[in-house]
Amino acid sequence: MKYWLMKSEPDDISIDDLHNSPNNTMAWQGIRNYQARNFIRDQISLGDQVLFYHSSCKVPGVVGIATVVSQPKLDESAFEPQSRYFDPKSDPGKPRWWQVDIQFTAKLNQLVTLKQLKSDPALQDMIFVTKGARLSVQPVTADEFTHVVTLGQ
């Protein structure tokens, strides 16, 4: 099992949206960064655990936990002209973009803010808190995952 941090703007998809979706599950699609795509395509697996992070909001931070409930698959939204994730250069014969489905696991009792993440000595090596780490999908270690969840209890 691996561990990930996935960022979403709560006005786009929030932890509550995930919780209220059919079967508490939704496609994690629309990733249009090659490094994040590579994590999805090449490293994320069924059963992996996710820290769900609200970004670009008044107080950004980790708000919940999700579980990966599908193997990586083509992000069909890249081929749909009406989708905001449409990519006219994407070719179904040579796919460019991938997605996984995630399922709501739990909402944290309290928000673990970006400020907390950056100031916590136990998280000093976390990729997410390093300067310039802006990917919407990025790995975390098992210890980092457990520590953040503990902070949110």
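The values are calculated or read from the model by the stated rules, or taken from the named source; none is laboratory data. Since the model is a prediction, treat every value here as computed from it, not as a measurement. All Cβ positions, glycine included, derive from the backbone under ideal geometry; neighbour counts span all protein chains shown. Surface areas here come from the heavy atoms of the whole protein model, side chains and all, with no ligands, DNA or RNA. Shrake-Rupley method; radii C 1.70, N 1.55, O 1.52, S 1.80 Å.
Taking Val148 as the residue in question, decide whether it is among the β-branched types (Val, Ile, Thr) and open to solvent by 50 Å² or more (accessible area, probe 1.4 Å). Steps first, answer last, please.
Values: among the β-branched types (Val, Ile, Thr): yes; open to solvent by 50 Å² or more (accessible area, probe 1.4 Å): no.
The answer is no for Val148.
Select, from Leu5, Leu46, Leu51, Leu18, the only residue that is modelled with pLDDT of 95 or more and surrounded by fewer than 19 Cβ atoms within 10 Å (Cβ to Cβ).
Working: Leu5 fails: surrounded by fewer than 19 Cβ atoms within 10 Å (Cβ to Cβ); Leu51 fails: surrounded by fewer than 19 Cβ atoms within 10 Å (Cβ to Cβ); Leu18 fails: surrounded by fewer than 19 Cβ atoms within 10 Å (Cβ to Cβ).
Going through Leu5, Leu46, Leu51, Leu18 in turn, the sole match is Leu46.
Could you tell me whether Thr67 is under 11 Å from the mean Cα position of the chain (by Cα) and open to solvent by 20 Å² or more (accessible area, probe 1.4 Å)?
Values: under 11 Å from the mean Cα position of the chain (by Cα): yes; open to solvent by 20 Å² or more (accessible area, probe 1.4 Å): yes.
For Thr67, the condition - under 11 Å from the mean Cα position of the chain (by Cα) and open to solvent by 20 Å² or more (accessible area, probe 1.4 Å) - is met.
How many residues does the range 11-27 hold that are without any contact (Cβ under 8 Å) to a residue 60 or more places away in the chain and either hydroxyl-bearing (Ser, Thr, Tyr) or closer than 16 Å to Asp101 by Cβ (or both)?
5
For Gly30, indicate whether it is closer than 27 Å to Leu123 by Cα, open to solvent by less than 80 Å² (accessible area, probe 1.4 Å) and in contact (Cβ under 8 Å) with a residue 12 or more places away in the chain. Please lay out each step first, then the result.
Numbers: closer than 27 Å to Leu123 by Cα: no; open to solvent by less than 80 Å² (accessible area, probe 1.4 Å): yes; in contact (Cβ under 8 Å) with a residue 12 or more places away in the chain: yes.
Criteria not met by Gly30.
Go through (1) modelled with pLDDT under 95; (2) more than 16 Å from the chain's Cα centre (by Cα) one by one and return the number of the condition Leu135 breaks.
(2)
In the range 67-98, which residues are without any contact (Cβ under 8 Å) to a residue 24 or more places away in the chain, of a type in the set (A, V, I, L, M, F, W, C) and closer than 30 Å to Met1 by Cα?
If the condition is that a residue be without any contact (Cβ under 8 Å) to a residue 24 or more places away in the chain, of a type in the set (A, V, I, L, M, F, W, C) and closer than 30 Å to Met1 by Cα, then Ala78 is the only one that fits.
Can you tell me how many residues in the range 16-31 are under 13 Å from the mean Cα position of the chain (by Cα) and in a loop (DSSP other than H, G, I, E, B)?
3
Across the range 128-148, what is the number of residues that are touching a residue at least 40 places away in the same chain (Cβ under 8 Å), of a type outside the set (Phe, Trp, Tyr) and under 12 Å from Tyr3 (Cα atoms)? Reasoning before the result, please.
Taking the range 128-148 and keeping what is touching a residue at least 40 places away in the same chain (Cβ under 8 Å), we get 128, 135-142, 144-145, 148.
Checking the rest, the ones that are also of a type outside the set (Phe, Trp, Tyr) come to 135-142, 144, 148.
Then drop every residue that is not under 12 Å from Tyr3 (Cα atoms), which leaves 137-142, 144, 148.
Looking only at that region, the number is 8.
Looking at the range 73-130 only, could you name the residues that are crowded, with 19+ Cβ neighbours inside 10 Å, in contact with a Leu (Cβ under 9 Å, 6 or more places away or on another chain) and not in a loop (DSSP other than H, G, I, E, B)?
Scanning the range 73-130 gives Trp98, Gln99, Val100, Ile102, Phe104, Leu108, Val112, Leu117, Leu123, Phe128.
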